[in-house]
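Worksheet: the structure to be examined is printed underneath.
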Amino acid sequence: MNVLFLCTGNSCRSILAEACFNHLAPAGWRALSAGSQPTGQVHPRALALLAREGIAAQGCHSKSWDNLPAVPDVVVTVCASAAGETCPAYLGPVLRAHWGVDDPAHATGTHAQMDAAFLAAYRTLRARIEAFLVLPLEDLKTDPARLKAELDRIGTLVGGGAALATVEPQSASASCSGGACC
């Protein structure tokens with residue numbers, strides 16, 4: 001199964017998700033990441049966080065969705081539409097879900113506060129990826145509506161480990177209509 005994590009710049013959240021998914025996923029599963037307007041570089045704090053977590057980041061680079069090496073089975077957008085961020089719309093015939101995460105690249109404050117923003121984004125993404133990977137996917141592959149419902153439910157999880165909680169889904173805004181992007 002190929003999973004595409006999609007955001008606008010492909011420099012932080014989607015990169016964290018790609019690397020984390022590939023670190024945790026069983027053989028035969030692969031994550032990709034891309035952006036609708038890639039920045040061309042991975043944020044240094046994202047790379048530093050992955051290194052601290054013992055997750056390989058080789059091959060992770062900011063790239064456009066125009067030149068993906070594989071067709072995704074599932075597309076997960078990670079933009080924070082509730083924050084007014086424009087959510088890219090992947091138009092291919094795939095299952096879509098939205099797992100909004102605040103962009104840690106916009107964090108301000110001390111170095112510790114900025115690192116904490118990256119860690120919070122990573123923990124949320126990791127918790128969601130772990131929840132995805134324990135789904136009964138062999139059963140769900142034949143029921144796309146049920147798989148979509150599970151992926152949407154997972155998109156409401158925040159935190160990590162014992163701190164895992166559910167939040168209310170983000171309301172559809174002008175920047176994310178709940179249609180093509182998720």
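Structure values in brief
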| quantity | calculated |
| --- | --- |
| Relative contact order %, the range 2-166, counting alpha carbon pairs below 8 Å whose residues are six or more apart | 23 percent |
| Principal axes of the range 2-166: Cα extent on each, largest first, Å | 48, 38, 33 |
| Approximate spin-label separation residue 27-residue 64, in nm, with each point projected 7 Å along Cα-to-Cβ | 3.6 nm |
| Sum of side-chain charges, residue 2 neighbourhood, beta-carbon under 12 Å (Lys, Arg +1; Asp, Glu -1) | -1 |
| Residue exposure sequence - 103, 115 - by fewest surrounding Cβ within 10 Å | 115, 103 |
| Rotationally averaged projected area of the range 27-67 (alpha carbon convex hull; nm²) | 3.6 nm² |
| Fewest-first sequence of 65, 29 by Cβ atoms within 10 Å of each Cβ | 29, 65 |
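Every number here is computed from the coordinates shown, using simple stated rules; none is lab data. This is a predicted model, so every value here is computed, not measured. Please note: Cβ atoms are built from the backbone with ideal geometry, for glycine as well, and neighbour counts cover all protein chains shown.
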